[in-house]
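*Asks:* Below: one structure in structure tokens.
Values quoted throughout were computed directly from the atomic coordinates according to the rules given, and no laboratory measurement underlies them. All figures in this text were calculated on a predicted structure; none of them were measured in a lab. As a convention, Cβ positions derive from the backbone with ideal geometry for all residues, glycine included, and neighbour counts pool all protein chains shown.
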Amino acid sequence: MNRNITDIENSNQTERQLYFMEMCKEWAAKQQEKLGRPLTACVNTFGCQMNAHDSEKIIGILEKIGYTMIEDEKADFVIYNTCTVRENANLKVYGRLGYLKKLKSQNPHMMIALCGCMMQETAVVEKIKKSYKFVDIIFGTHNIFKLAELMQARIDSKGMIIDIWKDTAEIVEDLPSERKHKFKAGVNIMYGCNNFCTYCIVPYVRGRERSRNPKDIIREIEALVADGVVEIMLLGQNVNSYGKNLEHPVTFAQLLQEIEKIEGLERIRFMTSHPKDLSDELIAVMRDSKKICNHLHLPVQCGSSRLLKIMNRRYTKEQYLELVDKIKKAVPNISLTTDIIVGFPGETEEDFQETLDVVRKVRYESAYTFIYSKRTGTPAAKMEEQVPEDVIKDRFDRLLKEIQTISAELSGRDTGKVEKVLVEEINSQDPDFVTGRLTNNVLVHFKGSSDLIGKIANVRLAESKGFYYMGELAEEEQ
Ligand code: SAH
Ligand code: SF4
Ligand code: F3S
């Protein structure tokens, strides 16, 4: 079923929102006049890359209204874009709300909005309604585009504005967005997740999978490239299932081939890849591409086939390792990274040994390791046999050690080579140096000036410093 709305409906929604942005802009201009200073706003992001990209959309709308963005929460408008993937993410938000209350008592003009994944949970919204009455606006993951409309509603009323959608089929294109870097940008290719891994809250707070139309994605990237972007990160919870629900289905590999053709675009990254959907077609495209980066984030979560089944990951340890072999054969120098959960309910020492075995066999460049966190509403939360804390801690430490050992062994393997570096910024320690990234994401520092920022330079990786290189600008092409 095609769940995308038609272009006509889409352009109506875009126009409607631009209208609300204009209204808010008039209000903001009056406020600034009254206060005799610019209105400031601060957006605090708590979650993943997708969450961070949503924040760029929020900032785009706020700048259009006339806010000056600042890092400090002593601002006229503070927005928390929340995450709920693990419990400590929620606790962090509650902790900081007390501080915001204090700030608001000092600045009565202050507006506070909460949005993001945590707001998609009914219990959270109930708690905020009851105990955090000073919050002005609450919205969710599906209606970020409505921010100006919600602000207008708050300006017109006295109470808290709450607008949470359970799910949506709507994708609103062509709204403002403000990116952090001039030369690299995130691009959503799909929203939501259909996988329901039994530990994970994301499908409940991000709704069902829906893909953007390829032509909208290409148009956005072309515009970004025209504006100076050379590297893009394609974003989705499971990019490998991109396009399945479109009216004219397109595979992720086909989308990548189209994106590859965009002139001026130099680097393509994507995340996240679910192992169960990673096709041979995609491996071939990665092998033949000149622009897809030499890095693949391939979350394994756990090495035990028994637990993977209970996690509903839909691959076995053997299938995962086979896949890794295929990828390594096709793209020999690829850098692999992963996510691993320790202490999933019922995890035994044998299960954990299987995880260590995968880590040793794959040899990840780096890995994000998480202690299992019980998320109310997910099937795993009801599972018995929760693993005791001290056992988890011990396994977690052993896992980390293994990962670090391998990481250290892998680091420095490109010493002496001349590689392409996308220069990102002036070095924070020494202004005569710049810092950039290799296609496998490893950092390189070398002598250079700010005119290199956003450019790709040929750099000799002179010396390995463990997790980064010190380099020298190489004269010509290798
Ligand atoms: N869509 C991505 C991951 C999104 S969440 C994927 O499928 O790989 C990012 C990571 O958070 C997951 O890969 C997982 O390792 C971790 N995570 C998710 N739920 C968790 C939980 N309940 N406890 C601990 N870690 C969790
Ligand atoms: Fe969560 Fe699994 Fe979906 Fe990733 S694929 S977001 S881990 S349910
Ligand atoms: Fe991302 Fe956290 Fe939501 S990981 S999708 S912000 S729950």
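*Asks:* On full extension of the chain, what length is gained from Lys166 through Arg314, given 0.36 nm per residue of separation minus the C-alpha to C-alpha distance? It would help to have the intermediate numbers written out before the result.
*Replies:* Working: separation 148, 0.36 × 148 = 53.28 nm, distance 2.63 nm.
Extending this stretch completely gives an extra 50.6 nm.
*Asks:* Mind listing the long-range amide H neighbours of Tyr469? Cut-off is under 5 Å, sequence gap 5 or more, other chains count too, H placed in the peptide plane at 1.01 Å from N.
*Replies:* Hits under the 5 Å cutoff: Leu443, Val444, His445.
*Asks:* Can you tell me the order of 326-338, 354-366, 397-409 when each peptide is scored by its average per-residue count of other Cβ atoms within 10 angstrom, highest first? Intermediate values should be presented prior to the final figure.
*Replies:* On the way: 326-338: 16.7, 354-366: 18.8, 397-409: 14.5.
Going from most to least packed, we get 354-366, 326-338, 397-409.
*Asks:* Can you list the residues, at least 5 places off or on another chain, whose amide H is less than 5 Å from the amide H of Ala474, using H built in the peptide plane?
*Replies:* Asn458, Val459, Arg460
*Asks:* Right, another one. Could you order peptides 56-63, 224-231 by the average number of other Cβ atoms within 10 Å of their residues, highest first? Don't jump to the answer; show the numbers that get you there.
*Replies:* On the way: 56-63: 20.8, 224-231: 17.1.
With the highest mean Cβ count within 10 Å placed first, the list reads 56-63, 224-231.
*Asks:* Whole-Hz Karplus ³J(HN,Hα) for segment 415-425, in order, using 6.51 cos²θ - 1.76 cosθ + 1.60 and θ = phi - 60°, x for Gly and Pro?
*Replies:* 3, x, 7, 9, 10, 7, 10, 8, 6, 9, 6
*Asks:* Between Gln257 and Arg287, what is the label-to-label distance in nm when each label sits 7 Å out along the Cα-to-Cβ direction?
*Replies:* With each label point 7 Å from Cα toward Cβ, the separation is 1.4 nm.
*Asks:* Give me the percent relative contact order of the chain, please, defined on Cα pairs under 8 angstrom at least 6 residues apart. The partial results should precede the final answer.
*Replies:* Numbers: 893 pairs, mean separation 49.4, N = 478.
Computed value for the chain: 10 percent relative contact order.
*Asks:* Starting from the Cα-Cα distance between Glu63 and Lys361, subtract it from 0.36 nm times their residue separation and give me the gain in nm to one decimal.
*Replies:* 102.4 nm
*Asks:* How many Å³ per residue does the convex hull of the Cα positions in segment 5-163 occupy?
*Replies:* On the way: hull volume 18.2 nm³, N = 159.
So the per-residue Cα hull volume is 114 Å³.
*Asks:* 222 nm [θ] for the chain, helices only, -39500 (n - 2.57) per DSSP H run of 4+, per residue, to 500? It would help to have the intermediate numbers written out before the result.
*Replies:* On the way: 13 runs with 178 residues, N = 478.
Taken over the chain, the calculation gives -12000 deg cm²/dmol.
*Asks:* What ranking, highest mean first, results for peptides 411-417, 112-118, 137-143 when packing means the other Cβ atoms within 10 Å averaged over each residue? Could the numbers behind the result be given before it?
*Replies:* Details: 411-417: 14.7, 112-118: 25.6, 137-143: 22.6.
Listed from highest to lowest mean packing, they are 112-118, 137-143, 411-417.
*Asks:* Could you calculate the FRET efficiency of Phe433 with Lys92 from 1/(1 + (r/R0)^6), where r is the beta carbon distance between them and R0 is 45 Å, rounded to 0.05? It would help to have the intermediate numbers written out before the result.
*Replies:* Values: r = 34 Å, r/R0 = 0.75.
Plugging the Cβ-Cβ distance into 1/(1 + (r/R0)^6) gives 0.85.
*Asks:* Can you give the convex hull volume of the alpha carbon atoms of segment 189-411 per residue, in Å³? Don't skip to the end; give the middle numbers.
*Replies:* Numbers: hull volume 28.0 nm³, N = 223.
In segment 189-411, the Cα convex hull volume per residue is 126 Å³.
*Asks:* With a sphere of radius 9 Å drawn around the Cβ of Val423, what net charge do the other residues whose Cβ falls strictly inside it have (Lys, Arg +1; Asp, Glu -1)? Present the calculation step by step, with values, prior to reporting the outcome.
*Replies:* Working: positive: Arg437, Lys455; negative: Glu424, Glu425.
Here the charged neighbours net out to 0.
*Asks:* Run down the lysines and flag those whose C-alpha is under 16 Å from the C-alpha of Lys166, throwing out any fewer than 8 positions away in its chain.
*Replies:* Lys146
*Asks:* Now a separate question. Mind listing the lone cysteines of the chain, meaning no other Cys beta-carbon sits under 4.7 Å from theirs?
*Replies:* Isolated Cys, the chain: Cys24, Cys42, Cys48, Cys83, Cys115, Cys117, Cys193, Cys293, Cys302.
*Asks:* Follow-up. Which of the residue pairs Lys290/Lys329; Lys57/Lys182; Lys328/Lys393 have a Cα-Cα distance greater than 22 Å in the structure shown?
*Replies:* Pairs exceeding 22 Å: Lys328/Lys393.
*Asks:* What are the ³J(HN,Hα) couplings of segment 225-240, residue after residue, when phi is run through the Karplus curve with 6.51, -1.76, 1.60 and θ = phi - 60°? Round to Hz, x for glycine and proline.
*Replies:* With coefficients 6.51, -1.76 and 1.60, one gets 5, 4, 9, x, 7, 10, 10, 10, 10, 7, 10, x, 5, 8, 4, 5 Hz.
*Asks:* Now for a different question. Report, in listed order, any pair from Lys244/Lys401; Lys317/Lys455; Lys130/Lys374 with a Cα-Cα distance greater than 30 Å. Working shown, then result.
*Replies:* Numbers: Lys244/Lys401 40 Å; Lys317/Lys455 41 Å; Lys130/Lys374 24 Å.
Pairs exceeding 30 Å: Lys244/Lys401; Lys317/Lys455.
*Asks:* Report the extension gain between Asn458 and Ala29 in nm, rounded to one decimal, defined as 0.36 nm multiplied by the number of residues separating them, less their alpha carbon distance.
*Replies:* Details: separation 429, 0.36 × 429 = 154.44 nm, distance 4.77 nm.
Extra length available between Asn458 and Ala29 comes to 149.7 nm.
*Asks:* Mean 1/r over all different Cα pairs, inverted: what Kirkwood radius does the chain give, in Å? Don't skip to the answer; put the middle values down first.
*Replies:* Working: mean 1/r = 0.0414 Å⁻¹.
Answer for the chain: a Kirkwood hydrodynamic radius of 24.2 Å.
*Asks:* When the Karplus curve 6.51 cos²θ - 1.76 cosθ + 1.60 is applied with θ = phi - 60°, which whole-Hz ³J(HN,Hα) does each residue of segment 271-284 get, with x for Gly and Pro?
*Replies:* Result, ordered by residue: 6, 10, 9, 8, x, 5, 10, 7, 8, 4, 4, 5, 4, 5 Hz.
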